[in-house]
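A short write-up of the structure that comes next.
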Amino acid sequence: MITANIIKMLKFVNKLFGSSSKNKLKSYYKTIEAINGLEKEISLLSDEDLQKKTNFYKEKIEKGSSLNQILPEVFAVVREVAHRTIGLRHFDVQLLGGIVLHEGMIAEMKTGEGKTLVATLAAYLNSLSGDKVHIVTVNDYLAERDSEWMGKIYKFLGLTVGCVTSKTNHEERVKHYNCDVVYATNNEIGFDYLRDNLKSEYKSLFFKKNSFAIVDEVDSILIDEARTPLVISAEAQTDINIYPKVNNIIKFLKNDDYEINEESKSVLLSSKGIEVAETLLKNNKLILKGTLQDLENISLNHNIIQALRAHKLFAKDKDYILNDNQIVIIDELTGRPMDGRRYGDGLHQAIEAKEGLKIQKENQTIASITYQNFFRSYKKLSGMTGTATTESPEFEGIYNLKVVEIPPNLPVTRKDKDDQIYMTKEEKNSSILKLVVERHKKNQPILIGTTSVESSEIISSLLKNNNI
């Protein structure tokens, strides 16, 4: 794991030697000139001639040509096909982005600069070598939209295009993953990798060959959610009746019986707390002999800890909501409900007991991986986003991915103001209110993004109290 000291050192080196993006881009300008020099010649080809190019390139690769050698002509062909099929022509800066992706780096491009179109250049080029190309997006809508929209380019050139979303059934998934270019969400593709590791037949595998991954919104997936575990679990043979009993017991524990760490969301019983808990367990005939520290009773200690966490660290309408008598977890990054997700290690059952709901059986983990380790398993990895430079040391240290800033096609007129830092939440919220009031008077719409449902509700209440 990359340390804070290494990140500091990389930031210092970047600052000392300046941005390497400009130097990197300068080395690509001759390639851009070569692509542009072929544009007129390629534009004169018929549709049939363009469609024959795919087999032509594959034959060249079989005879020893490298992807870099055929890149200028390939990019010129993709540009012409995009113009004919979807009415879009790659700008020179988009060609730069395509080269950056092909070379296994991160292209930082401003919002609206056409990252979706940029990916087609690197995707088509790398598919010619026989490797599958996975273009990973953050939600079902983008995966479906991009596969249909950009899919016209690939299909014109004879490639097959797949799309994997939460709606795709198992049989269809095998078919989609066998396509040359696959659009999928990070969630689905990660779980499919885990499912592969539980299979015994080669035919049913989703990932049969080495693949090249292009990750959209790469900072969100590879940095913000890097440590998020993807878990496949199965029902465990545990007694669910223990949870309501323990839930009733922990109500008698006092503040000095345990220690809480809110940052790590952990709880520890104090020496006094262990004695109190032990007495309560014995009075309720949950410990028949021995102490709480004995091997046969150690699981009860775990149950008490999870019950305390459920009561003291996990709040309703912040960490989870109740929907149809079910606990639905709230994503702490997006504030969205995550249907079907459950806390592990008995915590979900402890929360169900806390809320007086029917307790479902506990699951045990049978396969798990983090996004960080999953994406590092790819043969070749690249990404694109509008905001990657600030995390460039992390990208380089963890994934060996360099960040290259691609200039916009036209000068940016949007005003990106500096961040404002406040000492307290009250000061921050007061400033938000003042800003909204000023903009509201001008009939200017305003979007306020928060990191939790609780924060949204606080600001919503603040605005309502001020007649907004």
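The values are calculated or read from the model by the stated rules, or taken from the named source; none is laboratory data. Being a predicted model, the structure only gives us computed values, none of them experimental. Cβ sites come from the backbone with ideal geometry, for glycine too, and all protein chains shown count toward neighbours. All accessible areas refer to the heavy atoms of the entire protein, side chains included, with ligands and DNA or RNA removed. Shrake-Rupley method; radii C 1.70, N 1.55, O 1.52, S 1.80 Å.
Miscellaneous remarks
- With respect to being open to solvent by less than 20 Å² (accessible area, probe 1.4 Å), under 19 Å from residue 382 (Cβ atoms) and either part of a helix (DSSP H, G or I) or of a type in the set (Lys, Arg) (or both), residue 124 fits the description.
- Taking each residue of the stretch 147-167 that is free of Cβ contacts under 8 Å to residues at least 40 places away in the same chain and looking for partners that are basic (Lys, Arg) and in a helix (DSSP H, G or I) with beta-carbon atoms closer than 7 Å, six or more apart or interchain, yields 161/155; 164/173.
- The stretch 258-286 residues that are under 21 Å from residue 347 (Cβ atoms), paired with ones that are charged (D, E, K, R) and open to solvent by 90 Å² or more (accessible area, probe 1.4 Å) (beta carbon under 6 Å, 6 or more apart): 260/312; 268/259
- Residue, farthest from residue 401 (Cα to Cα), within the stretch 362-372, restricted to residues that are of a type outside the set (Asp, Glu) and open to solvent by less than 80 Å² (accessible area, probe 1.4 Å): 363
- Residue in the stretch 287-308 that is nearest to residue 349 (Cα to Cα), counting only those that are under 35 Å from the mean Cα position of the chain (by Cα) and open to solvent by 50 Å² or more (accessible area, probe 1.4 Å): 302
- Of all residues making up the stretch 127-156, the number that are open to solvent by 30 Å² or more (accessible area, probe 1.4 Å) and under 27 Å from residue 53 (Cβ atoms): 10
Conditions (1) open to solvent by less than 50 Å² (accessible area, probe 1.4 Å); (2) in contact with a helix residue (DSSP H, G or I) (Cβ under 6 Å, 6 or more places away or on another chain), marked per residue:
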position	(1), (2)
171	no, no
177	yes, no
200	no, no
232	yes, yes
239	no, no
245	no, no
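- Selection count, the stretch 314-351, where residues are open to solvent by 20 Å² or more (accessible area, probe 1.4 Å), under 17 Å from residue 262 (Cα atoms) and over 23 Å from the mean Cα position of the chain (by Cα): 2
- Output for the stretch 68-123, where each listed residue is touching a residue at least 60 places away in the same chain (Cβ under 8 Å), hydrophobic (A, V, I, L, M, F, W, C) and over 26 Å from residue 400 (Cβ atoms): 77, 78, 81, 82, 86, 91
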